[in-house]
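Participant: This is the structure I have questions about; it appears just below.
The values are calculated or read from the model by the stated rules, or taken from the named source; none is laboratory data. None of these values were measured; they are calculated from a predicted model. Glycine gets a Cβ as well: all are built from the backbone with ideal geometry, and neighbour counts include every protein chain shown. Just so you know, the surface numbers come from the protein's heavy atoms only, side chains and all, with ligands and any DNA or RNA stripped out. Shrake-Rupley method; radii C 1.70, N 1.55, O 1.52, S 1.80 Å.
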Amino acid sequence: MRARQLIGAQVQAWANKQMATGRVVSALEQRRVAQLVFDRRFGFGALQPFLERSDVENIVINGCRQTWISYTNGSKEPGPPVAETDEDLIEWVQLLARRGNTGREFSHASPLLDIALHDGVRLAVVGWVARHPHLAIRVHRLVDITLEQLSDLGTLTPALEQFLRAAIAARRNIIVCGEVNTGKTTLVRALAGAIPPQERIITLESDFELFLDDPRLAHRHQDVVALEARQANSEGAGEVRLQDLVPACLRLNPDRVIVGEARHGELAPMLEVMYSGARGSMCTLHVHRPEHVFSRVVQLARRADLGLGADDVHLMFGLAEPLIVYLERDKTTNERYVSQVMEVGPPADSSEPTRNLVFTAGQDGRANPAEGHISPSLLDELLAQGFDSALLKPARGSWA
């Protein structure tokens, strides 16, 4: 790599100057300095060794002197300081901000930063509204992941895996719900892996996290368009919102559309896509409890000032007929697992959509089949894709 060669040459020149003053810089120290410079300019500085580990999940930074490393087993340990001063930390963040796809700004005028960086790393920063800059780095380790692997990890049972695989083949819309850090994006990646490779997928995200267009996934997805929302510049121009991208992407002829996270006005157009534009589409949704999902979609519609009443939103939601897959995280073991799968249909006796709990939480909180709680139409669609209905019996489909 050209950058390493240039850095090596500069370090060698520095070592020669040191030798002129009587100090000998060993070859080992020169390599160490060169690596530190490279990591600072092209990596994550003192944090780079942690990001290269397979067991690091999240890193948070509270000002220049305090760092915390969270591991996949749920443990948390202090890490190294990343800068000499908060001003140096801000300068480093501004350097990182320029590496993203849209080159986002971090300044007094734009004190909030969310950006996807390379190799599945997402950075969120808050500055100038606290005593110190605060950073959160999330590492997406499971980029090339399958439903079968999630079964091996305990996120799904074999029965639930087959159910979701058949639902994807039947072009059922799916909304993956859960709290923060429950594995929603990972599950969507695995669900996308079950989409036939020849289908055209368009992903829409506030910040790139799905990475379905990653060259490492070329064997799974041959035709992917990844779109990312864009913030306004310092003059307030150039903004492209996620809700603007949803209808625009339909002109690019998608077979399926995947919205990384529905948070604002993109929910309503996404439901339209699910209903009439690209059946078999997906999105994620932050929900504290699975029973709150209907109130949540109404809340998002009101927040976006879409001019839709609760009945209108419920009707759109019901007509999309999504499957709601709810994820939870065991805060003791850090294990992620599906606890519930709900089938949603158009409103019938009330203004809210109808619902069937196809899989419901067992005594340990994990999803077990709720025998008989599935509509004949959904069951027929699944059977047409080769699904074994016996897997919906508790004796065959339970976690035990």
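Participant: Among (1) buried (at least 22 other Cβ atoms within 10 Å of the Cβ); (2) in a helix (DSSP H, G or I), there is one condition VAL325 misses while meeting the rest; what is its number?
Facilitator: (2)
Participant: Tally up the residues in the stretch 262-294 that are without any contact (Cβ under 8 Å) to a residue 60 or more places away in the chain and open to solvent by 10 Å² or more (accessible area, probe 1.4 Å), please.
Facilitator: Of the residues in the stretch 262-294, 11 are without any contact (Cβ under 8 Å) to a residue 60 or more places away in the chain and open to solvent by 10 Å² or more (accessible area, probe 1.4 Å).
Participant: Go through the stretch 176-201 and give me each residue that's β-branched (Val, Ile, Thr) and modelled with pLDDT of 95 or more. Spell out the reasoning first.
Facilitator: The first filter runs over the stretch 176-201 and keeps only residues β-branched (Val, Ile, Thr), leaving 176, 180, 182, 185-186, 188, 195, 201.
Within the stretch 176-201, VAL176, VAL188, ILE195, ILE201 meet the criteria.
Participant: Considering each of VAL297, VAL257, VAL313 in turn, give the residue that is in contact with a Phe, Trp or Tyr (Cβ under 8 Å, 6 or more places away or on another chain) and surrounded by 22 or more Cβ atoms within 10 Å (Cβ to Cβ).
Facilitator: VAL297
Participant: Given the options THR182, THR186, name the one that is touching a residue at least 60 places away in the same chain (Cβ under 8 Å) and open to solvent by 20 Å² or more (accessible area, probe 1.4 Å).
Facilitator: When all the criteria are applied, what remains is THR186.
Participant: Take the residues of the stretch 210-219 that are surrounded by fewer than 20 Cβ atoms within 10 Å (Cβ to Cβ) and not in a helix (DSSP H, G or I): which is farthest from the chain's Cα centre (by Cα)?
Facilitator: HIS219
Participant: Separate question: From the list ARG99, ARG122, ARG171, which residue is of a type in the set (Lys, Arg), open to solvent by 20 Å² or more (accessible area, probe 1.4 Å), assigned to a loop (DSSP other than H, G, I, E, B) and in contact (Cβ under 8 Å) with a residue 24 or more places away in the chain?
Facilitator: Within the list ARG99, ARG122, ARG171, the selection yields ARG171.
Participant: State yes or no: is THR185 outside any loop (DSSP other than H, G, I, E, B), touching a strand residue (DSSP E or B) at 6+ places or on another chain (Cβ under 7 Å), polar (S, T, N, Q) and more than 21 Å from LEU51 (Cα to Cα)?
Facilitator: Criteria not met by THR185.
Participant: Looking at (1) under 28 Å from ALA310 (Cα atoms); (2) of a type in the set (A, V, I, L, M, F, W, C); (3) modelled with pLDDT under 95, can you tell me which one VAL341 breaks?
Facilitator: Every listed condition holds for VAL341 apart from (3).
Participant: Across the stretch 1-31, what is the number of residues that are modelled with pLDDT of 75 or more, among the charged types (D, E, K, R) and open to solvent by 90 Å² or more (accessible area, probe 1.4 Å)?
Facilitator: 3
Participant: Would it be correct to say that ARG251 is free of Cβ contacts under 8 Å to residues at least 24 places away in the same chain, within 29 Å of PRO197 (Cβ to Cβ) and either open to solvent by 10 Å² or more (accessible area, probe 1.4 Å) or basic (Lys, Arg) (or both)?
Facilitator: yes
Participant: May I pose another question? Name every residue in the stretch 384-399 that is open to solvent by 60 Å² or more (accessible area, probe 1.4 Å), in contact (Cβ under 8 Å) with a residue 60 or more places away in the chain and aliphatic (A, V, I, L, M), in order of residue number.
Facilitator: Residue satisfying the conditions is ALA384 alone.
Participant: In the stretch 185-215, what residues are charged (D, E, K, R), closer than 21 Å to GLU57 by Cβ and in contact with a His (Cβ under 8 Å, 6 or more places away or on another chain)?
Facilitator: Filtering the stretch 185-215 down to residues charged (D, E, K, R) leaves 189, 199-200, 205, 207, 209, 213-214.
Retained after the next criterion (residues that are closer than 21 Å to GLU57 by Cβ): 189, 205, 207, 209, 214.
Result: GLU209, single match.
Participant: Kindly provide the set of residues from the stretch 120-151 that are in contact with a strand residue (DSSP E or B) (Cβ under 9 Å, 6 or more places away or on another chain), among the charged types (D, E, K, R) and either farther than 22 Å from GLU91 by Cα or at pLDDT 95 or above (or both), ordered by number.
Facilitator: Correct list: ARG141 only.
Participant: Right, here's the next one. Identify, please: which residue in the stretch 50-76 is assigned to a loop (DSSP other than H, G, I, E, B) and acidic (Asp, Glu) and is, among those, least open to solvent (accessible area, probe 1.4 Å)?
Facilitator: The extreme case among them is ASP55.
Participant: Does SER350 satisfy the criteria of being surrounded by fewer than 19 Cβ atoms within 10 Å (Cβ to Cβ) and either within 27 Å of the chain's Cα centre (by Cα) or not in a strand (DSSP E or B) (or both)?
Facilitator: yes
Participant: I need the full set of residues from the stretch 77-96 which are open to solvent by less than 60 Å² (accessible area, probe 1.4 Å) and part of a strand (DSSP E or B), in order please.
Facilitator: The answer is GLY79, and nothing else.
Participant: Any residue in the stretch 348-368 that is at positive phi sitting within a Cβ distance under 9 Å of a residue that is surrounded by fewer than 17 Cβ atoms within 10 Å (Cβ to Cβ)? List the pairs, counting only those 6 or more apart or interchain.
Facilitator: GLY365/ASP330
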